[in-house]
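Trainee: Quick one: the structure is below, questions incoming.
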Amino acid sequence: MENLLIFLSNVNVIFYILGYLIGGIPFGFVMMKVLYKVDITKEGSGGIGATNVCRVAKSLDPQRAKRLGSICLLLDLFKGIVPVLASKMADLNFEAQWMVAILTIIGHCYSPYLNFKGGKGVSTTMGAVLLLIPIESLIGLTLWAIIGKGLKISSLASIAGVGLATLLVFFLPSWGIPASVNILHEVGTPTPMVLVFVFTLYKHWSNLLNLLSGREKKIL
């Protein structure tokens, strides 16, 4: 018990738990439950993110579907930012900040409030890494938005956006970007972002197979 209390008193651990709990807040689930009395984990793809909110809402309230999807996307993005911002304000080291980001993403995908059900985590992912690698993240977000708007295939936009941000961490840090947002300077390796991308691929594996076979559904 004493060892457990010592472990839990570690500042880093407190922020890891905080990241997971904040990341797990199921905004999409709450929105659909309050507005339409619908359990979104049992509808559509079963995800709690913006794409499934949009799809399910389309069948219930077509005029509000896009707006609800956008609100859910922004809330999930914001909840990714908050724990990392808090860890920066607490002056945690860069490695610990990345761990907070990763646990925030995992919290969204395996929410403790929904019996570890969740979404695929891309909005939360982009929010969580935004303050850690802002240049790469903003470029990735731009590609995500372009593909999402143009092709209306959420999974492709997600994989491409996170993939581009991951690819850029191998190149941009060596081009003189500030040390405070330079993953190679602060951590010495792009591995944390690579792990985030691998997790993104894992969560989108079925979508990836559908993309390759031409069976992937479009969003609104």
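The values are calculated or read from the model by the stated rules, or taken from the named source; none is laboratory data. Keep in mind it's a predicted model, so treat the numbers as computed, not measured. Positions of Cβ are generated from backbone atoms using ideal geometry, with glycine treated the same way; all protein chains shown enter the neighbour counts. For accessibility, only protein heavy atoms count, side chains too; no ligands or nucleic acids. Shrake-Rupley method; radii C 1.70, N 1.55, O 1.52, S 1.80 Å.
Trainee: Rolling a 1.4 Å sphere over the protein heavy atoms, what is the accessible area per residue of the chain, to the nearest Å²?
Mentor: Working: 11070 Å² over 220 residues.
With all protein chains present, the chain gives 50 Å² per residue.
Trainee: By the gyration tensor of its Cα atoms, with a ≥ b ≥ c the square roots of the eigenvalues, what is the shape of the range 129-220: rounded for a/c under 1.5, prolate for a/b over b/c, or oblate?
Mentor: Values: a/c = 3.29, a/b = 1.98, b/c = 1.66.
Because a/c hits 1.5 or more and a/b exceeds b/c, the range 129-220 counts as prolate.
Trainee: Counting Lys and Arg as +1 and Asp and Glu as -1, each charge on the Cβ, what is the dipole of the range 1-115 about the Cα centre in debye, to the nearest 20? Mind showing how you got there, number by number?
Mentor: Working: 10 positive and 7 negative charges, 141 e Å.
So the dipole magnitude of the range 1-115 works out to roughly 680 debye.
Trainee: Take the alpha-carbon centre of the range 21-78, take the same for the range 97-149, and report the distance between them in whole Å.
Mentor: The range 21-78 and the range 97-149 have Cα centres separated by 16 Å.
Trainee: If a/c stays under 1.5 just call it rounded; otherwise compare a/b with b/c (prolate if a/b is bigger, oblate if not). Do that for the range 50-100, with a ≥ b ≥ c from the square roots of the Cα gyration tensor eigenvalues.
Mentor: Numbers: a/c = 7.32, a/b = 3.90, b/c = 1.88.
Here the range 50-100 falls in the prolate category.
Trainee: Do the sum for the chain: with -39,500 (n - 2.57) for every DSSP H run of n ≥ 4, divided by all residues, what is the mean residue ellipticity at 222 nm, to the nearest 500 deg cm²/dmol? Present the calculation step by step, with values, prior to reporting the outcome.
Mentor: Details: 12 runs with 154 residues, N = 220.
Estimated from H runs of four or more residues: -22000 deg cm²/dmol.
Trainee: Just need the relative contact order of the range 1-115 here, percent rounded to a whole number, with Cα pairs under 8 Å and 6+ apart. Write out the running numbers ahead of the final one.
Mentor: Working: 138 pairs, mean separation 43.4, N = 115.
Contact order relative to length: 38 percent.
Trainee: While we're here: Are any of the pairs Lys66/Lys117; Lys88/Lys117; Lys37/Lys152 more than 25 Å apart by Cα-Cα distance, and if so, which?
Mentor: Values: Lys66/Lys117 23 Å; Lys88/Lys117 28 Å; Lys37/Lys152 27 Å.
Listed pairs above 25 Å: Lys88/Lys117; Lys37/Lys152.
Trainee: Determine the shape class of the chain: with a ≥ b ≥ c the square roots of the Cα gyration tensor eigenvalues, call it rounded for a/c under 1.5, and otherwise prolate if a/b is greater than b/c, oblate otherwise.
Mentor: Details: a/c = 2.10, a/b = 1.29, b/c = 1.63.
Note, shape of the chain comes out oblate.
Trainee: Among Leu85, Ala145, Gly163, which residue has its Cα furthest toward the positive end of the charge dipole of the chain, with +1 on Lys/Arg Cβ and -1 on Asp/Glu Cβ?
Mentor: Of the candidates, Ala145 comes out farthest on the positive side.
Trainee: May I ask you to compute the full-extension gain from Asp91 to Val194, defined as 0.36 nm times their residue separation minus their alpha-carbon distance, rounded to one decimal in nm?
Mentor: Details: separation 103, 0.36 × 103 = 37.08 nm, distance 2.38 nm.
That works out to 34.7 nm of additional length.
Trainee: Work from the charge dipole of the chain (Cβ charges, +1 for Lys and Arg, -1 for Asp and Glu, about the Cα centre) and give the residue of Ile22, Gly46, Leu201 farthest towards its positive end.
Mentor: With unit charges placed on the Cβ atoms, the residue in question is Gly46.
Trainee: Report the calculated FRET efficiency for Asn115 and Leu208 (r = Cβ-Cβ distance, R0 = 35 Å), to the nearest 0.05.
Mentor: Taking R0 as 35 Å, the efficiency between Asn115 and Leu208 is 0.85.
Trainee: With charges only on Cβ, +1 for K and R and -1 for D and E, what is the dipole size of the chain about its Cα centre, in debye, rounded to 20? Don't skip to the end; give the middle numbers.
Mentor: Details: 18 positive and 10 negative charges, 250 e Å.
My answer is approximately 1200 debye.
Trainee: Hey, another quick one. Residues in the range 6-50 near a label at Lys217, defined as backbone nitrogen under 15 Å from the 7 Å Cα→Cβ point?
Mentor: The answer is 40-50, whose backbone nitrogens lie closer than 15 Å to the label point.
Trainee: If you roll a 1.4 angstrom probe over the protein chains with everything in place, what fraction of the accessible area of the chain belongs to carbon and sulfur, to the nearest %? Working shown, then result.
Mentor: Details: 7530 of 11070 Å².
Exposed carbon and sulfur together represent 68 percent of the surface.
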